[in-house]
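Have a look at the structure below before the remarks.
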Amino acid sequence: MYKSVVRPILFFFDPEKIHHFTFSLIKVVCKIPFVSKIFRGFYVVNDKRLERTLFGITFKNPVGLAAGFDKNAVLYNELANFGFGFIEIGTVTPKGQKGNPKKRLFRLKDDQGIINRMGFNNDGIAAAIENLKKNKGQVVIGGNIGKNTATTPENYTEDYCEVFQSLHPYVDYFVLNVSCPNVGSHAKLNDKEYLLELIFACKKLNLKEEKQKPILLKIAPDLNNNQLNEIIDLVKETQIDGVIASNTSTNRAGLKASNERLEEIGNGGVSGQPVKNKSTEVIKYLADTSNKSFPIIGVGGIHSEKDALEKLKVGADLVQVYTGFIYEGPSLVKRINKAILSEL
């Protein structure tokens with residue numbers, strides 16, 4: 001029903017506007033008595049065999065919602081009704097910011113993908129914390145953190161540390177987002193020496209807390225093998241808790257969308273089916289080359305049970321969906337969890 005009726009209606013409207021509309025709709029509908037319970041009964045798969053324990057956290061199932069969907073932590077309680085094992089909020093920056101000028105979100109229907117250049121639009125730390133105080137404890141929450149666009153290079157680490165320290169009591173794990181192509185000084189954020197500085201600064205703050213929270217690094221799908229080797233060395237040197245592979249891609253080779261359409265859209269990162277294979281290759285390379293020495297969360301182009309199982313088989317411990325959730329609908333999470341049980 002979603003793909004034949006609901007999706008065509010949603011896809012008739014501007015992507016960003018319909019995103020906010022559906023958020024409001026889900027929020028309102030879930031306030032109706034018993035609706036949340038009905039959703040959970042239909043979408044949630046409860047089975048101990050789906051549980052995964054990584055970096056000290058037990059996930060009810062290995063299927064999560066990637067960052068970027070619930071940027072300001074306004075809908076995670078309601079989204080938990082759709083069967084996710086974990087939900088990643090953010091990217092959160094110290095101060096709220098509007099992001100890049102609109103229009104900045106575009107569908108690639110023939111490719112089953114999305115191009116975005118959102119630019120870390122979010123309401124800032126304070127708003128995220130107020131929303132996270134309403135956490136009903138139904139699902140594991142990750143905090144994806146970044147820097148403000150206007151921040152000068154010498155203060156990048158200060159931005160990350162400010163968000164890390166402020167969000168620490170309210171999230172279960174952290175993700176350092178250094179691989180988004182839609183922010184300034186992208187090159188510096190991927191420099192190994194800078195990453196060492198950033199990770200150690202966050203780890204130092206972490207050690208001051210009564211309970212340490214896992215720290216993961218989100219990487220791009222466009223890294224070559226030498227760069228991936230550097231990531232493996234970085235994980236070993238810093239003892240960071242894991243890697244998320246991968247973010248959106250700047251590579252547009254092989255897209256079905258016309259050159260005219262792509263030029264009309266302009267800059268932005270590609271997500272969805274176009275990055276599926278590259279993301280899987282990155283996961284496999286990291287897992288094989290490191291002898292699976294650290295946890296990997298696989299994301300990128302998961303639109304079916306087969307896509308998710310493929311990433312799990314090559315080395316991902318957990319998976320996340322985003323674009324696939326938009327194209328396939330909420331039943332995707334249930335279908336993946338059912339397929340994992342079938343494989344068992």
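The values are calculated or read from the model by the stated rules, or taken from the named source; none is laboratory data. Only a predicted model underlies this, so the values are computations on that prediction, with no experimental measurement involved. Please note: Cβ atoms are built from the backbone with ideal geometry, for glycine as well, and neighbour counts cover all protein chains shown.
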Subset tally (residues that are farther than 17 Å from Pro214 by Cα and either free of Cβ contacts under 8 Å to residues at least 40 places away in the same chain or in a loop (DSSP other than H, G, I, E, B) (or both)) for the stretch 55-72 | 7
Checking Gly113, Gly119, Gly137, Gly142 in turn, the sole residue that is of a type in the set (Gly, Ala, Ser) and within 18 Å of Val243 (Cβ to Cβ) turns out to be Gly142
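So in the stretch 90-105, with the set limited to residues that are polar (S, T, N, Q) and in a loop (DSSP other than H, G, I, E, B), which one is surrounded by the most Cβ atoms within 10 Å (Cβ to Cβ)?
Top of the filtered list is Thr93.
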Considering the stretch 275-293, residues that are crowded, with 23+ Cβ neighbours inside 10 Å and in contact with a Ser or Thr (Cβ under 7 Å, 6 or more places away or on another chain), and then whichever is farthest from Asp317 (Cα to Cα), we arrive at Val275
Determine, yes or no, whether Lys134 is under 22 Å from Gly272 (Cα atoms), basic (Lys, Arg) and either surrounded by fewer than 19 Cβ atoms within 10 Å (Cβ to Cβ) or in contact (Cβ under 8 Å) with a residue 12 or more places away in the chain (or both).
-> no
Return only the number of the condition from (1) of a type outside the set (Lys, Arg); (2) in a loop (DSSP other than H, G, I, E, B); (3) touching a residue at least 12 places away in the same chain (Cβ under 8 Å); (4) more than 24 Å from Val333 (Cβ to Cβ) that Glu237 does not satisfy.
-> (2)
Are there any pairs with C-beta distances below 8 angstrom linking a residue in the stretch 25-41 that is within 10 Å of Asn81 (Cα to Cα) to a residue that is loosely packed, with under 15 Cβ neighbours inside 10 Å and β-branched (Val, Ile, Thr), with the two at least 6 apart or on different chains, and if so which?
-> Val35/Val29
Would you be able to tell me the number of residues in the stretch 1-38 that are in contact with a Gly (Cβ under 9 Å, 6 or more places away or on another chain) and under 30 Å from Gly99 (Cβ atoms)?
-> 4
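A quick yes/no check of all residues on (1) surrounded by fewer than 22 Cβ atoms within 10 Å (Cβ to Cβ); (2) of a type in the set (A, V, I, L, M, F, W, C); (3) at pLDDT 95 or above; (4) outside any helix (DSSP H, G or I):
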{"position": "Phe21", "(1), (2), (3), (4)": "yes, yes, yes, no"}
{"position": "Ser36", "(1), (2), (3), (4)": "yes, no, yes, no"}
{"position": "Asn46", "(1), (2), (3), (4)": "yes, no, yes, yes"}
{"position": "Thr53", "(1), (2), (3), (4)": "yes, no, yes, yes"}
Per the list (1) within 27 Å of Gly300 (Cβ to Cβ); (2) modelled with pLDDT of 95 or more, residue check on Lys192 breaks on (2)
Counting only residues that are touching a strand residue (DSSP E or B) at 6+ places or on another chain (Cβ under 9 Å) and either of a type in the set (Lys, Arg) or surrounded by fewer than 19 Cβ atoms within 10 Å (Cβ to Cβ) (or both), which one in the stretch 106-118 is nearest to Tyr170 (Cα to Cα)?
-> Arg117
Note on the stretch 137-192: residues outside any helix (DSSP H, G or I), in contact with an Asp or Glu (Cβ under 8 Å, 6 or more places away or on another chain) and either crowded, with 23+ Cβ neighbours inside 10 Å or not aromatic (Phe, Trp, Tyr) (or both) are Val140, Ile141, Gly142, Gly143, Asn144, Gly146, Lys147, Asn148, Thr151, His168, Val175
Have a look at Asn229, Asn224, Asn267 and point out the one that is over 17 Å from the mean Cα position of the chain (by Cα), in contact (Cβ under 8 Å) with a residue 60 or more places away in the chain and exposed (fewer than 13 other Cβ atoms within 10 Å of the Cβ).
-> Asn267
